[in-house]
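Reading through the structure tokens given below for one structure.
What follows draws every value from the coordinates through simple rules; no lab data is involved. Just so it is clear, the model here is predicted, and its values are computed rather than measured. Note that each Cβ is placed from the backbone with ideal geometry, even for glycine, and that neighbours are counted across all protein chains shown.
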Amino acid sequence: MSSNSFYKLIADIRTEKGYNQVSSFDFSFENISFKYDSDTKIFEDASFRLEKGKSTALIGVNGSGKTTILKILSGFEESSENMHVNGHVIGFSSAEGLDVNPYLTCKKFISICLEDLVEKYLLSVLKVLHLESVYKSKIITLSSGQRKKLSIFKAFVTGKDIVFLDEPSAHLDIETRDQIIEIILGLKKSIPIILITHSKEILTSCVDNIYKVRGFTSENGNGKIELINNLN
């Protein structure tokens, strides 16, 4: 498998769906406050920006609120200001893998993502993702790495306006991780990409803006989201 085949496949599918227009997305999230209940506050007056043509990463210790931010933006959670990305078609890859019916077959799942492009791209997707031997298998029987690759594929081919990636390199080998990096580098000019990652390789090779999330639920958390210039 060539180093850019996953990227080329994603780019070709997005082009045929009409998704690869240059993004005009530039969005500021100001004074986000969020709490799960009356006793568990996560953020208070937190702010950050998604800039057009740039990829954005959220970092922080476990439990600091990184995934909560993505859920707020996706509309799965509502902040006090209802600050999710209203009206935008979002592609989301969760840290856990696939949030779909686990009894769908691999082939059926890919077909749903491809929509009218099934006949043209199904075999290519199975080949590039190394899923030829399991195309009849149910999602629930796939390995963590196989589910992760499908999750990332889904995020990029269904996320018309913005893509969220939660721990995109989890459960993946180095070759596939490097292909994810190439996809981000190749697409960030045409679509905003925001990701959560602990991978220094991803952070140093394809991320433009890094925000440190310091929710109240983390040690020494101040409820803010801070732009930082390095990983120290």
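Points worth noting:
- Percent of alpha-carbon pairs separated by more than 31 Å within the chain: 21 percent
- Hydrodynamic radius of region 102-148 per Kirkwood, over alpha carbon pairs, in Å: 10.6 Å
- For peptides 215-223, 35-43, sequence by mean Cβ density within 10 Å, most packed first: 215-223, 35-43
- Ordering 6-16, 156-166 by mean Cβ neighbour count within 10 Å, with the highest value first, yields 156-166, 6-16.
- Net +/- balance of residues flanking Lys120 in space, Cβ distance below 10 Å, scoring K and R +1, D and E -1: -4
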